[in-house]
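The values are calculated or read from the model by the stated rules, or taken from the named source; none is laboratory data. In this text, all values refer to a predicted model and were calculated from it rather than measured experimentally. Backbone-built Cβ (ideal geometry, glycine too); neighbour counts: all protein chains shown. The protein model used for the area step is the full one, side chains on, heavy atoms only, and it has no ligands, DNA or RNA in it. Shrake-Rupley method; radii C 1.70, N 1.55, O 1.52, S 1.80 Å.
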Amino acid sequence: MTSESLQPQGAPARRTVVAAVGAAGLAVALTACGSDDKSSDSSNSSTTQNNSNASSGGSGGDGAAAGSGGTVLAKTSDIPEGGGKVFGSQGVVVTQPTKGEFKAFSSKCTHQGCAVNRIAGGVISCPCHHSEFSATDGSVKKGPATQPLPAKNITVSGDEIKLA
């Protein structure tokens, strides 16, 4: 036997192929867990940050800039009482736990960073591993997450909710 490689010239080594496939799989998994998916902005999805002064500009106001007070997220009428809305491009969830009280939280799940996508029955839900958070204070209602959603600062001015 000789010490020459048994691989034909020009063909990648088996180790290289296995490493490349593994890296591609890891990239796909990380993208899925960290995605800031626009589908989270559906009308069924709601979330709110923890600031009773939040307001927002019209429907589809996901990124409209406000004059002096931050980015307009939505109109107060866009956030259902007892529910909320996810603003994926801003990384925030705005909720209205009780009439006229608006809260805002990060839309990034504290378990593995997936974007939360639904608010129903006072619960903010993560689609990846089914963690659930309180729409009132962001606390964990169901794991695997162990940390609450971080509060975000919002202001309510008239009928607009703005990201501070």
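With respect to LYS162, determine if the residue is modelled with pLDDT of 90 or more, crowded, with 16+ Cβ neighbours inside 10 Å and basic (Lys, Arg). Before you say what the answer is, go through the steps one by one.
Working: modelled with pLDDT of 90 or more: no; crowded, with 16+ Cβ neighbours inside 10 Å: yes; basic (Lys, Arg): yes.
Criteria not met by LYS162.
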Neighbours by Cβ (under 7 Å, 6+ apart or cross-chain): first from segment 83-94, of a type outside the set (A, V, I, L, M, F, W, C); second in a helix (DSSP H, G or I) and crowded, with 24+ Cβ neighbours inside 10 Å: none
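Would you confirm whether or not segment 66-74 contains a residue that is within 23 Å of LYS162 (Cβ to Cβ), hydroxyl-bearing (Ser, Thr, Tyr) and without any contact (Cβ under 8 Å) to a residue 40 or more places away in the chain? If you could, list the steps in order and put the result at the bottom.
At the first step, the residues of segment 66-74 found to be within 23 Å of LYS162 (Cβ to Cβ) are 66-74.
Narrowing the set further to residues that are hydroxyl-bearing (Ser, Thr, Tyr) leaves 68, 71.
Filter once more, so that each one left must be without any contact (Cβ under 8 Å) to a residue 40 or more places away in the chain: 68.
Among the residues of segment 66-74, at least one is within 23 Å of LYS162 (Cβ to Cβ), hydroxyl-bearing (Ser, Thr, Tyr) and without any contact (Cβ under 8 Å) to a residue 40 or more places away in the chain, which makes the answer yes.
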Search result, residues across segment 102-145 that are open to solvent by 60 Å² or more (accessible area, probe 1.4 Å) and among the hydroxyl-bearing types (Ser, Thr, Tyr): THR136
Given (1) open to solvent by 20 Å² or more (accessible area, probe 1.4 Å); (2) in contact with a helix residue (DSSP H, G or I) (Cβ under 6 Å, 6 or more places away or on another chain); (3) of a type in the set (A, V, I, L, M, F, W, C), index of the condition VAL86 fails: (1)
